[in-house]
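I have placed the structure first, in the form of structure tokens, so that the comments after it can refer back to it.
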Amino acid sequence: MKLPPFDYACPDTVEEVLDLLGEHGDEAKLIAGGQSLVPLLAMRLARPALLVDLGGVAGLDGIDDRGPFVAFGAMTRERTAERSKLVAERVPVLAEALPFIGHVSIRNRGTIGGSIAHADAAAELPAVALVTGAEMVVRSRRGERVVPADAFFVSHYTTDLADDECLVSVRVPVTAAGAGWALHEIAPRHGDFALVGVAAMVDLGGDGDGTIDEARICLFGVADRPVRAEAAEAALVGARPTLDDVAAAAAEAVRDLQPGSDMHGSAAYRRHLAEVAVRRALTTAVRRAAGAAPRPEGPA
């Protein structure tokens with residue numbers, strides 16, 4: 001299928017990108033890896049007057065250890081992050097999520113910033129951003145601002161980005177030494193978008209009594225954006241987690257969930273899958289926090 005007609009710009013600097021966005025506003029569309037936008041163009045679901053290619057923009061990629069967080073340039077390829085020792089050591093829940101994204105050929109082109117700015121509700125990286133408390137650095141000709149993940153994702157394919165703004169980097173907090181993590185998703189087959197998915201983090205703290213100091217649970221593929229299960233998180237704090245505690249938290253996490261129905265499954269089926277996924281993700285996160293070595297959750 002042929003793409004619709006559009007003008008094309010290939011700027012060299014972020015400043016040129018911002019000038020183009022400032023001039024053309026919502027008539028312009030940024031293209032990073034193109035793994036999501038090109039199919040939308042082919043299906044006529046997006047018809048920008050101007051396509052602004054970020055591929056040649058200097059300084060928009062790279063992974064940097066900034067102490068309390070790891071900074072990802074928006075054009076950092078997913079495969080680069082997947083193979084990064086720094087990411088595996090400092091942000092392991094992100095390292096666990098990356099192999100679930102499509103296939104290697106997709107991740108070779110797809111970018112960290114592109115996936116987050118695209119804001120697909122069934123995608124892994126927005127959920128990781130939310131569960132880790134990541135921050136998005138965005139720029140326009142009006143200046144720079146930092147948007148926390150819980151304010152960045154608005155709805156299906158909709159973010160807090162204004163028409164003249166460009167996402168330039170993503171700051172992901174480093175996982176605490178005493179924390180466990182897990183990402184679990186259920187999909188028809190590897191490479192498909194998840195029917196339901198869960199990213200979880202559990203911190204047992206440093207006092208050695210085995211109780212949970214903090215829990216974070218983020219579900220994706222079940223609403224119009226990734227969602228935190230805050231009531232379930234609060235119920236876990238102070239618990240010395242048993243299987244019953246985890247099961248109760250999983251039930252609480254999906255109690256008010258209202259996923260949609262489609263050809264892949266009914267709302268009731270998705271709610272059941274979500275409860276199973278929360279239970280599995282929490283169990284893995286708790287075991288990792290306690291120093292156990294559970295079977296890896298990622299695909300082979």
Checked the range 63-92 for anything in contact with a Gly (Cβ under 6 Å, 6 or more places away or on another chain), in a helix (DSSP H, G or I) and among the hydrophobic types (A, V, I, L, M, F, W, C); matches are none
If you check A119, A149, A95, which single one turns out to be closer than 15 Å to R225 by Cα, aliphatic (A, V, I, L, M) and free of Cβ contacts under 8 Å to residues at least 60 places away in the same chain? A149
The conditions are (1) outside any helix (DSSP H, G or I); (2) free of Cβ contacts under 8 Å to residues at least 60 places away in the same chain; (3) under 20 Å from R142 (Cβ atoms), and L30 fails exactly one of them. Which is it? (2)
Going by what's in this entry, would G180 be described as crowded, with 21+ Cβ neighbours inside 10 Å and either within 19 Å of the chain's Cα centre (by Cα) or on the phi > 0 side of the Ramachandran plot (or both)? yes
For the range 33-60, enumerate the residues that are in a strand (DSSP E or B) and aliphatic (A, V, I, L, M). L50, L51, V52
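Yes/no per residue for (1) modelled with pLDDT under 95; (2) β-branched (V, I, T); (3) in contact with a Gly (Cβ under 9 Å, 6 or more places away or on another chain); (4) more than 21 Å from E16 (Cα to Cα):
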residue: T111; (1), (2), (3), (4): no, yes, yes, no
residue: H118; (1), (2), (3), (4): no, no, no, yes
residue: P126; (1), (2), (3), (4): no, no, no, yes
residue: M136; (1), (2), (3), (4): no, no, yes, no
residue: R145; (1), (2), (3), (4): no, no, no, no
residue: P148; (1), (2), (3), (4): no, no, yes, yes
residue: S155; (1), (2), (3), (4): no, no, no, yes
residue: T159; (1), (2), (3), (4): no, yes, no, yes
residue: D164; (1), (2), (3), (4): no, no, yes, no
For the range 253-270, which positions are buried (at least 20 other Cβ atoms within 10 Å of the Cβ) and either outside the structural domain of L236 (by TED's automatic domain parsing) or not basic (K, R) (or both)? A253, V254, P259
Mind listing just one residue for me: the one in the range 271-300 that is under 12 Å from I186 (Cα atoms) and at pLDDT below 95 and, of those, surrounded by the most Cβ atoms within 10 Å (Cβ to Cβ)? E297
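Name the residue that is farthest from the chain's Cα centre (by Cα), counting only residues in the range 188-216 that are touching a residue at least 12 places away in the same chain (Cβ under 8 Å) and within 16 Å of R270 (Cβ to Cβ). Show your work before the answer.
The initial filter retains those residues of the range 188-216 that are touching a residue at least 12 places away in the same chain (Cβ under 8 Å), namely 188, 190-191, 193-206, 209-216.
Narrowing the set further to residues that are within 16 Å of R270 (Cβ to Cβ) leaves 188, 193-198.
On the way: P188: 20, F193: 13, A194: 13, L195: 15, V196: 14, G197: 11, V198: 11 Å.
The qualifying residue farthest from the chain's Cα centre (by Cα) is P188.
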Return the pairs, sorted by first residue and then second, in which the second residue is of a type in the set (G, A, S) and not in a loop (DSSP other than H, G, I, E, B), the first residue lies in the range 7-23 and is touching a residue at least 60 places away in the same chain (Cβ under 8 Å), the beta carbons are less than 8 Å apart, and the residues are 6+ apart or on different chains. L18/S140; L21/A28; L21/S140; G22/S140
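So which residues in the range 49-62 are crowded, with 18+ Cβ neighbours inside 10 Å and in contact with a Ser or Thr (Cβ under 9 Å, 6 or more places away or on another chain), if there are any at all?
L54, V57, L60, D61 - these are the residues of the range 49-62 that are crowded, with 18+ Cβ neighbours inside 10 Å and in contact with a Ser or Thr (Cβ under 9 Å, 6 or more places away or on another chain).
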Would you mention how many residues in the range 47-75 are over 14 Å from the mean Cα position of the chain (by Cα) and within 19 Å of L18 (Cα to Cα)? 16
Helices (runs of 4 or more DSSP H) (entirely within the range 93-165) containing at least 1 residues that are under 12 Å from the mean Cα position of the chain (by Cα), among the hydroxyl-bearing types (S, T, Y) and under 21 Å from G191 (Cβ atoms): 112-118
Counting only residues in the range 1-27 that are in a strand (DSSP E or B) and either modelled with pLDDT under 95 or of a type outside the set (A, V, I, L, M, F, W, C) (or both), the one nearest to the chain's Cα centre (by Cα) is identified as Y8
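The values are calculated or read from the model by the stated rules, or taken from the named source; none is laboratory data. These numbers come from a predicted model, not from an experiment. Don't worry about glycine lacking a Cβ; one is built from the backbone with ideal geometry, like all the others, and counts go over all protein chains shown.
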